[in-house]
1. In this structure, is THR383 within 30 Å of GLY516 (Cα to Cα), part of a helix (DSSP H, G or I) and out of contact with any Gly (no Cβ under 6 Å at 6 or more places or on another chain)?
2. Which of the residues belonging to region 554-607 are hydrophobic (A, V, I, L, M, F, W, C) and within 19 Å of SER626 (Cα to Cα)?
3. Starting from region 212-226, keep only residues that are in contact (Cβ under 8 Å) with a residue 12 or more places away in the chain, then list their pairs with residues that are acidic (Asp, Glu) and not in a loop (DSSP other than H, G, I, E, B) whose Cβ atoms are within a distance under 8 Å, requiring at least 6 positions of separation or different chains.
4. For the structure I just gave you, tell me whether GLY64 is touching a helix residue (DSSP H, G or I) at 6+ places or on another chain (Cβ under 6 Å) and at positive phi.
5. Is at least one residue of region 211-222 farther than 30 Å from ALA60 by Cα and assigned to a loop (DSSP other than H, G, I, E, B)?
6. Of all the residues that make up region 140-181, how many are under 18 Å from ILE271 (Cα atoms) and either of a type in the set (Phe, Trp, Tyr) or part of a strand (DSSP E or B) (or both)?
7. Please go through region 140-178 and pick out each residue that is closer than 30 Å to ASN253 by Cβ and loosely packed, with under 13 Cβ neighbours inside 10 Å.
8. So THR137 passes all but one of these: (1) outside any helix (DSSP H, G or I); (2) among the β-branched types (Val, Ile, Thr); (3) within 21 Å of PRO213 (Cα to Cα). Which condition number does it fail?
Amino acid sequence: MPDRFYITTPIYYPSDNLHIGHSYCSVAADTLARFKKLTGHEVYFLTGLDEHGQKVAEKAAQQGTDPQSYVDAIAESTKNLWRVMDVEYDDFIRTTEPRHEKIVQQIYERLLATGDLYKSEYEGLYCTPCEAFWTQTQAKNGLCPDCGRPVHSEKEESYFLRLSKYQDWIIEYIESHPDFIQPKTRTNEMLAFLRSGLNDLCVSRTSFTWGVPLPFDPKHIAYVWIDALSNYITALGFGTDHDELYRKFWPANVHLVGKEIVRFHSIYWPIMLKMLDIPIPRQIFGHGWLLIDGQKMSKSLGNVIDPNVLCARYGSDAVRHFLLREVPFGADGNYTHAALLTRMNADLSNDLGNLISRTTAMIAQYFGGVMPEPSDKTELEDTLESHLLTLPSEVESAMDALQFSAALAAIWRVIGECNKYIDQTTPWILAKDPDKRGRLATVLYYLAEAARFVAVLISSFMPGTPRRIFEQLGIAEPELKDWASLKSLTLKIVGHTVTKGDALFPRIDIKKELEGLAVPVPVQSTTEPSAAEAAKQETPPTIAIDDFAKIKLVTAKVLAAERVPKSDKLLKLTLDDGSGERTVLSGVAQWYTPESMVGKTVALLANLAPRKMRGTVSEGMILAASDDKGNLRLVTLDGDMPAGSEIG
């Protein structure tokens, strides 16, 4: 029997059409679901919409329509977006569906029977956009701690959950289950919140009517968060006579949520389940935000990016790759059109595209489009084969930790090795010597097998691209496209008809493309500055604290370092930034050897736009100081400071 895996996204709040920030979470969930299926799991993937609440009622009124008609339109546009982005869910739950509302009422009746639900009066502060209650202490200066918008006073009769009764229990549970909340920074945040004191939670409203009425007191409606959180079990048939999915898949393996709603999922939801004697989900993963100029996307700020537009222009695979590769999952990341286009050119056009194009073109030219059989191999092939065979387990380990960026980095490292292998073996020279035909056949076979491995491994991330790669390689057999086929190289591809197709990802003229998108083009030097030269700058103008807040400085541990070929200045560093690994090129080779860099804790500018140098994309910058004589020293940290610690 295959292992079962249940993954969910939050059910999104339909205050407007979804933007690329919502897509970030859904694409991640879809990718993980696809990967688990690829590796033999029985998977259930749930997403949907949270359609009740005061904010929805107000939004519908503003548009001159009723709430149900309003959310119906948003639901259709959301489903269409997921089709465009190749997000393939098993169920799309809407909290206005009778199958959900009926069980929510049942849950309230069960909570009442436990004695942990009681009637009282709520008087305090409320944030309508976040649907969240706050105390005076929490809402400093009258602003919501989550979204920063004004809160307002509320006073009404309400039902409450006795969360305070379970404060010690939830603290002990979190501490004894270190993987329950991920990444680790979220665990620390939740424990700090709990230790400040956990108040009972208001879970019903009487000041508006758009919600699920409580069966034992119909003038009250369910508080939107209890209504929303219940979707994870109502969608599985919990509480019905057809609860096969609930019995098969609950508890969830992971709830993927934005970091701003981790509290609801990791504190309120487990306590509620404890009250109901229902198993608790295995993990809550709070991912970071996709920011625009350091700010969260918001229609009111005019900085919302429509993923429909990006997918129509560049294809969903390119957008999915960018979302998952650009930023370690769990950390905040900055979106710019320039970053997307740079990543597309570097990773998809130059690296992957060139590998497939060169491989298929040479097989077509030198062997008439028929996959050749290899002969004797050399140390080069042994090394490439070894890296191919260890790659699946490396990718699987990264995916198990929800480190999508690290998984893709591992795949692209091998793609880079394959392109280097082409340069090392020079097939175009081998083709000129009839005595080297066997050697040429070996080289092209290994490139084709590497391309097959890559196609299988990226299929969860970019579901459309592998189909095109397999078509060019002439591979139609399902057994050559599955996870089991990566246990060894195979001769089954020998004799297949190979065709050079269109470029997978044509190279983009970034300047022209940005002009077409009406986005200013940043001016960047194309030369390789040394760290000392980069440090020499005129005294900059003063900046406001808001400008400084856009800079993300963190500690990072140097895991590996090597010189960049044909460069006297650059070192290629592999850094642990606390949420995964990233590559940074630094012009410090004149002052530091690769060996001396390993183990250092450095200061990393983490949200600098990626830049390609010497064929490698550098993801950030480490800080250094220099004097007027050009001497340079890295900014390092003493003591035992964990990777990913914020500097500021």
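1. So THR383 fails the test.
2. If the condition is that a residue be hydrophobic (A, V, I, L, M, F, W, C) and within 19 Å of SER626 (Cα to Cα), then LEU570, LEU571, LEU585, VAL588, ALA589, TRP591, MET597, VAL602, ALA603, LEU604, LEU605 are the ones that fit.
3. If the second residue must be acidic (Asp, Glu) and not in a loop (DSSP other than H, G, I, E, B), the pairs left are VAL212/GLU101; VAL212/ASP227; PRO215/GLU109; PHE216/GLU109; HIS220/GLU157.
4. No: the conditions fail for GLY64.
5. No, region 211-222 has no match at all.
6. Final tally of qualifying residues: 8.
7. ASP168, TRP169, GLU172, GLU175, SER176, PRO178
8. Unmet condition: (3).
The values are calculated or read from the model by the stated rules, or taken from the named source; none is laboratory data. Remember, predicted model here, so these are calculated numbers, not experimental data. For neighbour counting, all protein chains shown are included, and Cβ atoms are generated from backbone atoms with ideal geometry for every residue, glycine included. Note: accessible area is taken over every heavy atom of the protein model, side chains too, but ligands, DNA and RNA are not part of it. Shrake-Rupley method; radii C 1.70, N 1.55, O 1.52, S 1.80 Å.
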